[in-house]
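The values are calculated or read from the model by the stated rules, or taken from the named source; none is laboratory data. What you see is a predicted model, and the numbers here were worked out from it, not measured in a lab. In this analysis, Cβ positions are derived from the backbone assuming ideal geometry, glycine residues included, and neighbour counts consider all displayed protein chains.
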Amino acid sequence: MEIHVKRIRQGKNSTLSELYIDGEFICYVLEDSVRDEKIPGSTAIPAGRYKLAFRRYGGMNGQYKRLFPDFHKGMIQLMDVPNFSYIYIHMGNNFSDTSGCLLVGKTMKYFKDWDEYEIRKSKKAYMSLYQRLAAMMEKREVYVVISDELQGIKT
């Protein structure tokens, strides 16, 4: 099974994407900037196909287990990302929240004065997506495919 993250817009420090499951738009994704040379904690992961797995230990896992005790089974981690480690799908709103991870949100906003994107309603998007992905991951292998389809148009 594959989910698709299509990068569509680039801000000064942020990259906006759309996440699809079976061709259906699910939510927005925000990452750091796509860069030719990696800057630790400030660079989007390379486009590619990555297996998703649960990471059931670590500080972030404990924090999310306390926030969502009814359904949290571990952080959803992208595996075997070249030159990256501990890449999760989690909540957040702007590029300063990412540290190389994928943030999810129901809505997005572009700030023309700063040339930056933000996502909103992150908790709502995360809860819905997490439960859907966790159910899929318990039944079969799930992969995320990240593709660059960046456009210069700002909205």
Consider region 10-21. How many of its residues are at pLDDT 95 or above and among the charged types (D, E, K, R)? 1
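For (1) in a strand (DSSP E or B); (2) without any contact (Cβ under 8 Å) to a residue 40 or more places away in the chain; (3) within 25 Å of residue 12 (Cβ to Cβ), each residue gets a yes or a no:
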site: 36; (1), (2), (3): no, yes, yes
site: 69; (1), (2), (3): no, yes, no
site: 118; (1), (2), (3): yes, no, yes
site: 133; (1), (2), (3): no, no, no
site: 141; (1), (2), (3): no, no, no
site: 149; (1), (2), (3): yes, no, yes
Of those in region 84-103 that are in contact with a His (Cβ under 8 Å, 6 or more places away or on another chain) and outside any loop (DSSP other than H, G, I, E, B), the residue surrounded by the most Cβ atoms within 10 Å (Cβ to Cβ) is 103
Filter region 104-129 down to residues that are buried (at least 22 other Cβ atoms within 10 Å of the Cβ) and in contact with a helix residue (DSSP H, G or I) (Cβ under 6 Å, 6 or more places away or on another chain), then give me how many there are. 2
Does region 54-66 contain any residue that is surrounded by fewer than 20 Cβ atoms within 10 Å (Cβ to Cβ), at pLDDT below 95, out of contact with any Phe, Trp or Tyr (no Cβ under 9 Å at 6 or more places or on another chain) and closer than 24 Å to residue 13 by Cα? no
Which of (1) closer than 16 Å to residue 11 by Cβ; (2) not in a strand (DSSP E or B) does residue 137 not meet, given it meets every other one? (1)
Just name the residue that is farthest from the chain's Cα centre (by Cα) out of those in region 47-86 that are among the hydroxyl-bearing types (Ser, Thr, Tyr) and more than 13 Å from residue 130 (Cα to Cα). 57
I'd like to verify a number: residues in region 74-83 that are in contact (Cβ under 8 Å) with a residue 24 or more places away in the chain and surrounded by 18 or more Cβ atoms within 10 Å (Cβ to Cβ), how many? 3
Among residues of region 10-46 being more than 20 Å from residue 93 (Cβ to Cβ) and surrounded by 14 or more Cβ atoms within 10 Å (Cβ to Cβ), the residue farthest from the chain's Cα centre (by Cα) is 38
Inter-residue pairs, beta-carbon under 7 Å, first over 23 Å from residue 53 (Cα atoms) and touching a residue at least 60 places away in the same chain (Cβ under 8 Å) and in region 1-18, second among the hydroxyl-bearing types (Ser, Thr, Tyr) and surrounded by fewer than 20 Cβ atoms within 10 Å (Cβ to Cβ), 6+ apart: 10/33; 13/33; 14/33; 15/33
Specify which of the listed residues (109, 65) is among the basic types (Lys, Arg) and closer than 17 Å to residue 30 by Cβ. 109
